[in-house]
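Below is one structure; the comments refer to it alone.
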Amino acid sequence: MLFTLGHSNHNAEKFLSLLRTHEINLVADVRSQPVSRFSPHFRKANLGPLLSGHGIGYLWLDSLGGRPKNPELLDESGRPDYAKMAQTEGFQRGLERLLQESEKQRTTILCSEEDPNHCHRRLLVVRALCERNPEYAEEVWHIRKDGKLQSESELMRPQASQPGLI
């Protein structure tokens with residue numbers, strides 16, 4: 001089982017509450033630049049100690065970030081080309097590390113965007129996992145701002161008129 005979470009504009013206590021509710025042991029940060037202009041507790045330098053103080057591990061997986069430095073990984077409009085990014089050696093190594101960690105402990109993939117439908121943590125990372133093994137769609141759960149879980153398998157269904165939250 002693997003979770004994803006967008007920190008959005010949560011205060012530190014709300015964020016920690018979401019992690020505790022779902023018994024998360026490791027936060028795998030997949031932001032290219034782990035900073036936050038509006039919420040200093042989400043800056044890498046602050047987030048690791050905050051989590052550690054609550055018994056939660058922190059791992060920055062920059063190779064799974066959504067903003068590549070290599071211009072060859074951008075499309076003709078200058079936007080990240082997720083298909084190209086997913087094929088790089090660095091990305092594949094990051095994905096392996098994520099899988100290894102998630103087998104050992106309850107892990108969430110962290111990015112900033114609350115809605116997984118608009119975030120690379122789903123559109124790049126989770127998609128790559130599901131392409132590797134379609135069964136992952138049943139094992140990935142998106143933690144929403146209200147604490148409810150939304151399954152990846154539900155999000156993958158094009159006919160779904162209402163997202164399935166539990």
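The values are calculated or read from the model by the stated rules, or taken from the named source; none is laboratory data. Keep in mind it's a predicted model, so treat the numbers as computed, not measured. A quick note on method: Cβ atoms are made from the backbone with ideal geometry, for glycine too, and the neighbour counts reach across all protein chains shown. Accessible surface is based on the protein model in full, side chains and every heavy atom, while ligands, DNA and RNA are left aside. Shrake-Rupley method; radii C 1.70, N 1.55, O 1.52, S 1.80 Å.
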(message) Can you pull out every residue in region 11-47 that is of a type in the set (Lys, Arg) and part of a loop (DSSP other than H, G, I, E, B)?
(response) ARG31, ARG37, ARG43
(request) Among the residues of region 39-56, write down those that are at pLDDT 95 or above and open to solvent by less than 50 Å² (accessible area, probe 1.4 Å). (result) HIS41, PHE42, LEU47, GLY48, LEU50, LEU51, ILE56
(request) Might you check whether a residue that is aliphatic (A, V, I, L, M) and either in contact with a Leu (Cβ under 7 Å, 6 or more places away or on another chain) or outside any helix (DSSP H, G or I) (or both) occurs anywhere in region 112-123? (result) no
(message) Residue under question is SER77, and the condition is that it be under 19 Å from the mean Cα position of the chain (by Cα) and of a type in the set (Gly, Ala, Ser); does it hold?
(response) no
(request) With the checklist (1) under 16 Å from the mean Cα position of the chain (by Cα); (2) closer than 16 Å to PHE3 by Cβ in hand, flag the one item LYS104 doesn't pass. (result) (1)
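Per-residue answers, yes or no, for (1) open to solvent by 10 Å² or more (accessible area, probe 1.4 Å); (2) touching a helix residue (DSSP H, G or I) at 6+ places or on another chain (Cβ under 7 Å); (3) modelled with pLDDT of 95 or more:
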site	(1), (2), (3)
LEU5	no, yes, yes
ALA12	yes, yes, yes
SER17	yes, no, yes
ASN25	yes, no, yes
SER32	yes, yes, yes
ARG37	yes, no, no
LYS69	yes, no, no
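Yes/no matrix, rows are residues, columns are (1) part of a strand (DSSP E or B); (2) open to solvent by 50 Å² or more (accessible area, probe 1.4 Å):
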residue: TYR58; (1), (2): yes, yes
residue: GLU76; (1), (2): no, yes
residue: GLU103; (1), (2): no, yes
residue: ARG127; (1), (2): no, yes
residue: GLU131; (1), (2): no, yes
residue: SER153; (1), (2): no, no
(request) Take GLU139 and decide whether it is acidic (Asp, Glu), loosely packed, with under 15 Cβ neighbours inside 10 Å and within 20 Å of ASN25 (Cβ to Cβ). (result) no
